[in-house]
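Here's the structure, in structure tokens; my notes come after.
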Amino acid sequence: IDVAVLGDRHSTTQVSPTVWYPGAPEVTHRRELDAGNVLVVDVEPGGPPQVETVRTGRWRFVNERRHLGTGDDVERLAQWLHGQPAKERTAVWLSLHGTLSLRDSAQLESVLAEAGAVFALVTRWARHTDLHVLPDDTDADRLGLTGFAAETLDLLRAPVTAGVRVASDGEHGPHLDDPPVSESLPQVECDGADPDIAQAALGLLYRLAGGAR
């Protein structure tokens, strides 16, 4: 046998000079390392095969991991997305970690919404995402809420803060790059509140109050 070209592996792989997997001619999964190629093989009697990898795939599946802690981090993510080529044939799975303020979270949602309109896919990879939204005093001052709305903000901040603490103290330990959770936030009684629901409600309150403008 001068050369063996095998199937059942979607990434182009050289096992030895005479044994190859060409892989799939188009990317099919985000975990593939080098899909989207074909092999051009020239065989000369008595000599090693000459194997050339030729790109045929037009699609890109991209995994991007980011730590987000400030609006600057969100802006850098936006710039990275903007710089990606062939957006209409690019699918992006984001693994996001960290803690954002309400304002920065609203900025992130805007960035992802804009990217979703031009990319084939932009989505958060849920299994690899651990991103929390924690309002700070600047958020509250910016909204200028009073009365019932201000009480609601304080009411929702407590379970969200508790949820961030639980996540930080979990089995994987805190993220060393995360900003510390503020100890000065009001501890309003909100027994049984789901932190994820409270976090979503905070985002809605922020948008309704005009904080995202």
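The values are calculated or read from the model by the stated rules, or taken from the named source; none is laboratory data. These numbers were taken from a predicted model, which means no experiment stands behind them. Cβ coordinates were reconstructed from backbone atoms using ideal geometry, including for glycine residues, and neighbour counts include every protein chain displayed. Ligands, DNA and RNA are excluded from the accessible area calculation, which covers all protein heavy atoms including side chains. Shrake-Rupley method; radii C 1.70, N 1.55, O 1.52, S 1.80 Å.
Overview of results
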item: Residue, surrounded by the fewest Cβ atoms within 10 Å (Cβ to Cβ), within the stretch 114-145, restricted to residues that are aliphatic (A, V, I, L, M) and modelled with pLDDT of 95 or more; result: 117
item: Hey, residue 91 in contact (Cβ under 8 Å) with a residue 40 or more places away in the chain, open to solvent by less than 60 Å² (accessible area, probe 1.4 Å) and of a type in the set (A, V, I, L, M) or not; result: yes
item: Residues of the stretch 6-26 satisfying the condition of being open to solvent by 80 Å² or more (accessible area, probe 1.4 Å) and either without any contact (Cβ under 8 Å) to a residue 12 or more places away in the chain or farther than 23 Å from residue 120 by Cα (or both); result: 8, 9, 14, 15, 17
item: Qualifying residue in the stretch 5-22 (condition: at pLDDT 95 or above and either among the charged types (D, E, K, R) or in a helix (DSSP H, G or I) (or both)); result: no
item: Lone unmet requirement of (1) more than 22 Å from residue 65 (Cβ to Cβ); (2) at pLDDT below 65 for residue 148; result: (2)
item: Subset tally (residues that are of a type in the set (Gly, Ala, Ser), at pLDDT 95 or above and in a loop (DSSP other than H, G, I, E, B)) for the stretch 59-87; result: 2
item: Subset of the stretch 27-55 (residues that are open to solvent by 60 Å² or more (accessible area, probe 1.4 Å) and assigned to a loop (DSSP other than H, G, I, E, B)); result: 28, 29, 30, 31, 33, 34, 43, 44, 45, 46, 48
